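S.K.: Have a look at this one before I ask anything.
The values are calculated or read from the model by the stated rules, or taken from the named source; none is laboratory data. Just so it is clear, the structure is predicted and the values come from calculations on it, not from any experiment. Every residue, glycine as well, gets a Cβ built from its backbone with ideal geometry; the counts of neighbours run over all protein chains shown. To get the accessible areas, we keep the full protein, side chains included, count just its heavy atoms, and leave off ligands, DNA and RNA. Shrake-Rupley method; radii C 1.70, N 1.55, O 1.52, S 1.80 Å.
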Amino acid sequence: MHYEDVMDKRPRAYAPYRTTLDERDLVRAAEELHENEDTRESSLALMREFIAKHPQIVRCRTDPVFLLRFLRYRKFNVNDACATLEGGLAFLMRMRTLYGAEVSSFHPNVQRMVELDAIVPLGQDRQRRTVILVRVGAMDPKETTALLQMRLGALVINTCLEYERTQVHGTVWVVDCSGMTMAHVGMWGLSEVKMMADSINEVVTMFVKEVHMVKVPRITWMLLDLLLPLLSPKIRDRFKFHRTEQELLSAIDQTLLPTTCGGQQSLKQATDNFRDMFEKQTKWFKLEEQFLMDLSIPAPGSSSSSARTAQRNEFPGEESMVGSFRKLTVD
């Protein structure tokens, strides 16, 4: 089967599942996610049937690794996994309507963000969780936007999720706030903060085990005070704050942390590894450019009027988010 065929919502044959997990991974998947050969095959079949019969879905990946990210995230509750897939596709369509070509992973502005080495996977810790570093100070507020920062985050997340071990064991995030200024805060409007919270809560199919915030200046709380209440309690409770790099070293494997954070790994080595990861998954990103969901067609169980309302309200509730940090005077 040619890999491009996985975009057909009703292919003549579906791609078979071939695991990339070892015994330890499979044991965890069984214990934590209720995954075994029986639940996997039957759940994949049900999700493929859902896609094939969904009136709004025109083109969508049906390969096992893509669908398993939703099933694993929802612990093999097929109804929840299908709802998450449906919501994610609708979110992507609305993003395209609002922001156009810049939503593409291959847009020049997004690729320039990659070159900043601002969000970089560092490898897997002893618990096999993927550790991801965010370097806020590496993103020049004069050269970037909140949307581009979110697109860079999505690119990194989706690259990591193409690897099954990340789907099973989840991630640990290290957010280095050193170098953050009022200008970094000023690029985030209230609607962007809400959009990020909505995507974290409802769209991103990645287990977030811990979020370590390092060297957080007082101005950062102008954003955190808005963002944290919008996040689910489970994710909010996983935030940990460290005043110094020394405090961080007690929580994260030093061999993974870059030397810029007091660790032992070369940041260049980590970024080179990530670029290699991305290159290996480029074919999937190119296919995902073809994702299509027709939101003008009523969703199952809804009326045509509610479909038109959903089209007009690109992000429901956003109209109540009045004001913007952009009104602040920034350096």
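S.K.: Could you list, ordered by first residue, the pairs with Cβ atoms under 8 Å in which the first is in the range 218-230 and farther than 17 Å from THR181 by Cα and the second is of a type in the set (Asp, Glu), at least 6 apart or interchain?
M.R.: Going by the 8 Å Cβ cut-off, the qualifying pairs are LEU230/ASP198.
S.K.: State whether the residues of the range 99-107 include one that is at pLDDT below 95 and closer than 17 Å to LEU161 by Cβ.
M.R.: Checked the range 99-107: at least one residue is at pLDDT below 95 and closer than 17 Å to LEU161 by Cβ.
S.K.: Residues that are under 19 Å from ALA83 (Cα atoms), at pLDDT 95 or above, aliphatic (A, V, I, L, M) and touching a helix residue (DSSP H, G or I) at 6+ places or on another chain (Cβ under 6 Å): does the range 14-37 have at least one?
M.R.: The answer is yes; a qualifying residue exists.
S.K.: While we're here: Quick one: would you say THR84 is within 21 Å of the chain's Cα centre (by Cα), assigned to a loop (DSSP other than H, G, I, E, B) and surrounded by 20 or more Cβ atoms within 10 Å (Cβ to Cβ)?
M.R.: Spelling it out, it is not the case that THR84 is within 21 Å of the chain's Cα centre (by Cα), assigned to a loop (DSSP other than H, G, I, E, B) and surrounded by 20 or more Cβ atoms within 10 Å (Cβ to Cβ).
S.K.: Here are some residues: PHE239, PHE278. Which one is under 30 Å from MET7 (Cα atoms) and either touching a residue at least 12 places away in the same chain (Cβ under 8 Å) or not basic (Lys, Arg) (or both)?
M.R.: Residue meeting the stated conditions: PHE278.
S.K.: State all residues of the range 95-121 that are over 14 Å from ARG151 (Cβ atoms) and within 16 Å of the chain's Cα centre (by Cα); if no residue qualifies, say none.
M.R.: Within the range 95-121, VAL120, PRO121 qualify.
S.K.: Ok, one more. Of the residues in the range 160-179, how many are in contact with a Lys or Arg (Cβ under 7 Å, 6 or more places away or on another chain), closer than 16 Å to ASN273 by Cβ and open to solvent by less than 10 Å² (accessible area, probe 1.4 Å)?
M.R.: 1
S.K.: Here's something else I'd like to know. Would you pick out the residues in the range 1-43 that are touching a Cys at 6+ places or on another chain (Cβ under 9 Å) and basic (Lys, Arg)?
M.R.: Within the range 1-43, LYS9 is the sole residue that qualifies.
S.K.: Failed condition for ARG72, given (1) in a helix (DSSP H, G or I); (2) open to solvent by 20 Å² or more (accessible area, probe 1.4 Å); (3) not aliphatic (A, V, I, L, M), with all others met?
M.R.: Result: ARG72 fails condition (2) only.
S.K.: Does ILE119 meet the test of being open to solvent by less than 20 Å² (accessible area, probe 1.4 Å) and in contact (Cβ under 8 Å) with a residue 40 or more places away in the chain?
M.R.: So ILE119 fails the test.
S.K.: So the check is Cβ under 6 Å with 6+ separation or different chains; which pairs have a first residue in the range 17-38 that's under 17 Å from PHE207 (Cβ atoms) and a second one that's in a loop (DSSP other than H, G, I, E, B) and open to solvent by 50 Å² or more (accessible area, probe 1.4 Å)?
M.R.: Correct list of pairs: ALA30/ASN36; LEU33/LYS75; HIS34/LYS75.
S.K.: Something else now. Which of (1) in contact with a Phe, Trp or Tyr (Cβ under 9 Å, 6 or more places away or on another chain); (2) under 24 Å from THR144 (Cβ atoms); (3) open to solvent by less than 60 Å² (accessible area, probe 1.4 Å); (4) not charged (D, E, K, R) is the odd one out, the single condition THR205 does not satisfy?
M.R.: Every condition holds for THR205 apart from (2).
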